[in-house]
Amino acid sequence: MSGELATLARVGAGREQVTQAHPLRRRRRLGPGKQIRFGAAIGPVLLLAVWSIGSAVGWLDPRILSAPWTVVTTTGELISDGRLQSNLWTSTQRAALGLGIGIVLGTVLALLSGLSRLGEAILDGPIQIKRAIPSLALLPLLILWLGIGESMKVITITLGVFVPIYLHTHNGLRTIDSRYVELAETVGLSRWQFIRRVVLPGALPGFLLGMRFAVTGAWLSLVVVEQINSTSGIGYMMELARTYGQTDIIIVGLVLYGVLGLLSDGAVRLIQRRTLSWRRTLAD
């Protein structure tokens, strides 16, 4: 590895000399380039444009996919009679509760497993087994154990959240440079000081990456559990609309899930960018 770095350094020095000898020659940029302002909105806007054009010229059958303006009208009607706000509040509570429990559980298990060989021997195997089993495959068993009430829904969301938190936080812990551990031992840090000053900052990038997967997993799990004998929530509203063939309401629910997912992921990315501002990466 050191030989490869030395080779790259020599190549870079040679190119620097060439650039100085020929000031008019610009160095070739190998990164992705400058950030595009409002770049995250370009994809959704293009998708909306294709949807609108397809509906306007008749390429899309409204019985299969309602037009965007129909969806907007239906959204206004759902808001006016209070159904959308009520179901959205119920869904948000379920997702937030499951997400909160999953974050705490995944973080604690990652610390126990990442900082102790005994903890890893006990915890990592069962969690890897859970990782191989989709949370939705456990639904029949959870229904038998817990029924179809709120506890089953929240636990299903928790199971979809804690695994990515555990995996990425555990990986962040195990990839901390051992020299920092040796330095902490040399200066005589206590166990708590070691965790606060070395472990938590070192595991933070992995934890935040796991958070991005976790918020998406929370909404994905919510979509399914709310369509299983629920009496409220966005999924219940969509399932009821399916019974009566109301495609526009189903599309409203799908768009709402998508917007919530994008907003959640955007919030985590913002926290990630602010918290890890000291890092220089290709995204900068």
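Quick notes on this one:
- Residue that is nearest to the chain's Cα centre (by Cα), among those in region 53-70 that are of a type outside the set (A, V, I, L, M, F, W, C) and more than 17 Å from residue 242 (Cα to Cα): 68
- The residue list 94, 179 contains one member that is basic (Lys, Arg) and either under 19 Å from the mean Cα position of the chain (by Cα) or outside any helix (DSSP H, G or I) (or both), which is 94.
- Filtering 135, 151, 113 for residues that are of a type in the set (S, T, N, Q), within 30 Å of residue 191 (Cα to Cα) and either in contact with a Gly (Cβ under 8 Å, 6 or more places away or on another chain) or free of Cβ contacts under 8 Å to residues at least 24 places away in the same chain (or both) leaves a single hit, 113.
One line per residue, one yes/no per condition, for (1) at pLDDT below 90; (2) surrounded by fewer than 16 Cβ atoms within 10 Å (Cβ to Cβ); (3) part of a loop (DSSP other than H, G, I, E, B):
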{"residue": "10", "(1), (2), (3)": "yes, yes, no"}
{"residue": "17", "(1), (2), (3)": "yes, yes, no"}
{"residue": "32", "(1), (2), (3)": "yes, yes, yes"}
{"residue": "37", "(1), (2), (3)": "yes, yes, yes"}
{"residue": "40", "(1), (2), (3)": "yes, yes, no"}
{"residue": "61", "(1), (2), (3)": "yes, yes, yes"}
{"residue": "85", "(1), (2), (3)": "no, yes, no"}
{"residue": "99", "(1), (2), (3)": "no, no, no"}
{"residue": "106", "(1), (2), (3)": "no, no, no"}
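- Failed item in (1) at pLDDT below 90; (2) hydrophobic (A, V, I, L, M, F, W, C); (3) part of a helix (DSSP H, G or I); (4) over 27 Å from residue 202 (Cα atoms), with residue 270 passing the rest: (4)
- Residues that are out of contact with any Phe, Trp or Tyr (no Cβ under 7 Å at 6 or more places or on another chain), in contact (Cβ under 8 Å) with a residue 60 or more places away in the chain and either part of a helix (DSSP H, G or I) or among the basic types (Lys, Arg) (or both), drawn from region 223-239: 224, 225, 235, 236, 237
- Hits in region 120-175 (condition: more than 21 Å from residue 199 (Cβ to Cβ) and of a type in the set (S, T, N, Q)): 128, 135, 151, 156, 158
- Residue within region 118-140 that is touching a Lys or Arg at 6+ places or on another chain (Cβ under 7 Å), more than 15 Å from residue 217 (Cβ to Cβ) and in a helix (DSSP H, G or I) present: no
- Within the set 163, 154, the sole residue that is farther than 30 Å from residue 251 by Cβ, of a type in the set (Val, Ile, Thr) and part of a helix (DSSP H, G or I) turns out to be 163.
- Candidate set: region 115-166, residues that are surrounded by 21 or more Cβ atoms within 10 Å (Cβ to Cβ) and among the polar types (S, T, N, Q); chosen: the one modelled with the lowest pLDDT: 135
- The listed residue being over 30 Å from residue 154 (Cα atoms), among the small types (Gly, Ala, Ser) and either surrounded by 12 or more Cβ atoms within 10 Å (Cβ to Cβ) or free of Cβ contacts under 8 Å to residues at least 24 places away in the same chain (or both), out of 91, 66, 80: 66
The values are calculated or read from the model by the stated rules, or taken from the named source; none is laboratory data. Note that the structure is predicted; figures quoted are calculated from it, not measured. All Cβ positions, glycine included, derive from the backbone under ideal geometry; neighbour counts span all protein chains shown.
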